[in-house]
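Accompanying notes for the structure given below.
The values are calculated or read from the model by the stated rules, or taken from the named source; none is laboratory data. On a predicted model such as this, the values are computed, not experimentally measured, just so you know. Positions of Cβ are generated from backbone atoms using ideal geometry, with glycine treated the same way; all protein chains shown enter the neighbour counts.
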Amino acid sequence: MGKIEWAMWANEQALAAGLILLTGGIVGVAGQFRDWEFAAYGVAAGVFICLLEYPRGKRNKGTSVERTGQYCLTVCVKAFGPVTSNYYVRAALHAALCVPGAFILPTVLGCVCLAIASLIYLAAAVRGEHWQPILPKTETRERVGESIKEPPQNPPPRPPAELRRKRPEDLEGAAYVNPISVTANE
Amino acid sequence: MGNWIINHGLSAFILVVWMGINIFLFVYFYLFYDLGDRFFYTRHLLGSALAWARAPAAVLNFNCLLILLPVCRNLLSLVRGSFMCCGRSMRKQLDKNLTFHKLVAYMIGLMTAVHTIAHLFNVEWYNNSRQGLYDNLSTTLSSLEDDEDEDDDETYLNPIRSRFSVPQTPTYFAFTTIAGLTGVIITLALILIITSSMEVIRRSYFEVFWYTHHLFIIFFAGLVFHGAGRIVRGQVATDPPHNFTVCKDRPLDWGKIPECPLPQFAGGFPQTWMWVIGPMVLYLCERVLRFIRYMQTVRYRKIVIHPSKVLELQLDKAGFKMEVGQYVFLNCPAISQLEWHPFTMTSAPEEDFFSVHIRSVGDWTQKLIDILEQLPEGAQGPKMAVDGPFGTASEDVFDYEVSMLIGCGIGVTPFASILKSIWYKFKQSNPKLHTRKIYFYWLCRETHAFEWFADLLQVLEKEMEERGMADFLTYKLYLTGWDHSHAAHVMVHFDKDTDVVTGLRQKTHYGRPNWDKEFEQVRKENPTSVVGTFLCGPESLAKTLENKCVKFSDVDPRKTKFYFNKENF
């Protein structure tokens, strides 16, 4: 389990928790349950958490897979700088957000899921992970005209590596004779 | 349309049957609780939320039964073996076991959501009824006491018994009843299982997925006890009878007039255990079998480290019998006690050992290669446990007169086994071999990690030429990772007989194959045959090939028909 980035799982868990909190909140408000104010809070908190967690962070190793249409939210989340990129802050935030959900039944499940997500984020933060936005790389293209005037950057075409290595069964073919005799400088 | 039926018909049929059973269960139990006379009073307190909670519960019972079955791989192998007589399509269905497992899991997730939401309403309304917030009938129903004269049957209706206990909230009720507590715990387990099974997590951190998935033990344990509290209650007959049509308008007179005695209620018998006990036992047997296999001794015949860090292990186990293209799960306690990793076997069944070629792709494989690199000559490797072999579609490859085999990158491995076996069978004139012609397509970025496979092809090529059978195997190598230096080198050596990259007689192609052209060529050369297409490679290519198989197949049984088979790991 050495190479795991806990933040990736924490992100999935937090997003799920946000959705569950939102659903529980909608149920509480729509059913006009007792203490429905907590349910209204659940709706608001759920939406906020979904928006915060929707953009996936960039992985340290390997390819990062974006969620569909996450670019706008990536920019928003990035704008908050260290508040959103530090996972200690996120862990504390989720821990705080989950507490009001514990007061009525519809949001209890969202509360517990969010608490678990907070713990996983804490583990991620302890291991030194932080959130980096996935942004499209801007490529610089050199105009062809310019590069012709430069000296060559690459060696001339050579056969693929397998052929270049000297094969033991073909020592004769592998050896070559210098066209110009090599002697010490006079 | 006919082509679609040939290639997808059985899958579609199974899906329709499964969905049909789900819909039937949902509607049947919905109507049972929504229209049944027994639940008239219950419905008065809960409305249609009662039926909305019970119907998904029935669907959940059915799907929890199904979910364990596709992952009993030894059981599936057994079923596969016994279907040898029943034709290709049936056996191909069993390849899609993981797809079915995921589908059932989605249904469980969806039904859990509906069930939970409905019960949230139920608990809230029960609570309010108890507090007397609704009409007289509700209050009277809720305050029905336990009838002490009866023999221990609790005869109340509203499971929230006391009006004055503190705290009196739905949350308190949920956490102090068996159903509520188990419900919360198993839903939590389900959510954790689902979030760790997302594709992103599964592909990158398999261990998290695997260990978290074992929460299913908690899920099933909680599920079995979930109904033990019997809080869904229906009316039972009393003597004299209580007719709700007459008595519903006079709740305050109950027990005081002869035609309306106090009604009695009883909870439904918990049924979930009846649904899931069978599969739980089967799964337990499956795990026991894996453990027994773990204890059997495995000897190392030969350990070879190929260029590009490819490890070949030739192993020997008593009583081990394999078929072509099958895979085994390997476990090395020295590296990790609990991890089993699948590897396709690269040896043919005709050989008296079995071999796997392992590339370094992650923690476990890298550690294995490290341990074996430091091993002295001739020593036995660390203890290795082998589970399997497990069947895949390639067992069918001999049944087709013409086969198209497509291997991408590491996916070329099962075909090593197939090609070797075909050649052995051909030399022994084995009657099981129906194959007359093989087209082999090897796609990879670069041949670096697969020199061992190129060597195999060279050997086969030589032997076939010696027998004058150069036509039997047509193979094409596609290097998809070529660049300018490759292209320039090839241009210089264009006229040589053998290929400059692999040394093989058939030339290397650069870039991806044009599948339309390939299928057209196969169809032209084999106008009346049934062609089996086997792929071991990425999903996108599987879709492409599936489409081509459908496109180039003819419903006319006299003409060429393409069947698509996909390996999955």
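Annotation note: of B:Met280, B:Met274, the sole residue that is exposed (fewer than 15 other Cβ atoms within 10 Å of the Cβ) and within 26 Å of B:Ala179 (Cα to Cα) is B:Met274.
Those residues that are within 14 Å of chain A (Cβ to nearest Cβ), closer than 30 Å to B:His434 by Cβ and modelled with pLDDT of 75 or more, I need them from the stretch B:460-508; list them, please. B:Leu477 - this is the single residue of the stretch B:460-508 that is within 14 Å of chain A (Cβ to nearest Cβ), closer than 30 Å to B:His434 by Cβ and modelled with pLDDT of 75 or more. Annotation note: of B:Ser540, B:Ser553, the sole residue that is more than 14 Å from every other protein chain (Cβ to nearest Cβ), over 18 Å from B:Gly9 (Cα atoms) and at pLDDT 75 or above is B:Ser540. Can you name every residue in the stretch A:1-18 that is in contact (Cβ under 8 Å) with a residue 12 or more places away in the chain, at the interface with chain B (Cβ under 10 Å from one of its Cβ atoms) and either surrounded by fewer than 21 Cβ atoms within 10 Å (Cβ to Cβ) or of a type outside the set (S, T, N, Q) (or both)? Once the filter is applied, which keeps residues that are in contact (Cβ under 8 Å) with a residue 12 or more places away in the chain, at the interface with chain B (Cβ under 10 Å from one of its Cβ atoms) and either surrounded by fewer than 21 Cβ atoms within 10 Å (Cβ to Cβ) or of a type outside the set (S, T, N, Q) (or both), the stretch A:1-18 yields A:Lys3, A:Glu5, A:Trp6, A:Met8, A:Trp9, A:Ala10, A:Ala14, A:Leu15, A:Ala16, A:Ala17. Of all residues in the stretch A:39-61, those that are surrounded by fewer than 23 Cβ atoms within 10 Å (Cβ to Cβ), within 12 Å of chain B (Cβ to nearest Cβ) and over 19 Å from B:Thr195 (Cβ atoms) total 2. Within the stretch B:119-133, residues that are within 11 Å of chain A (Cβ to nearest Cβ) have Cβ atoms under 6 Å from residues that are not in a helix (DSSP H, G or I) in these pairs: B:Phe121/A:Gly31; B:Glu124/A:Phe33; B:Asn127/B:Ile160, counting only partners at least 6 apart in sequence or on another chain. Summed over the stretch A:19-38, the residues that are of a type in the set (Asp, Glu) and more than 9 Å from chain B (Cβ to nearest Cβ) give a count of 1. Those helices (runs of 4 or more DSSP H) of the stretch B:184-268 in which 3 or more residues are within 14 Å of chain A (Cβ to nearest Cβ) occupy B:199-204, B:206-213. Taking the numbered list (1) modelled with pLDDT under 80; (2) in a loop (DSSP other than H, G, I, E, B) in turn, B:Pro382 passes all entries but (1). All of B:Thr176, B:Thr171, B:Thr212 fail the test of being modelled with pLDDT of 80 or more, within 29 Å of B:Leu284 (Cβ to Cβ) and within 39 Å of the chain's Cα centre (by Cα), apart from B:Thr212.
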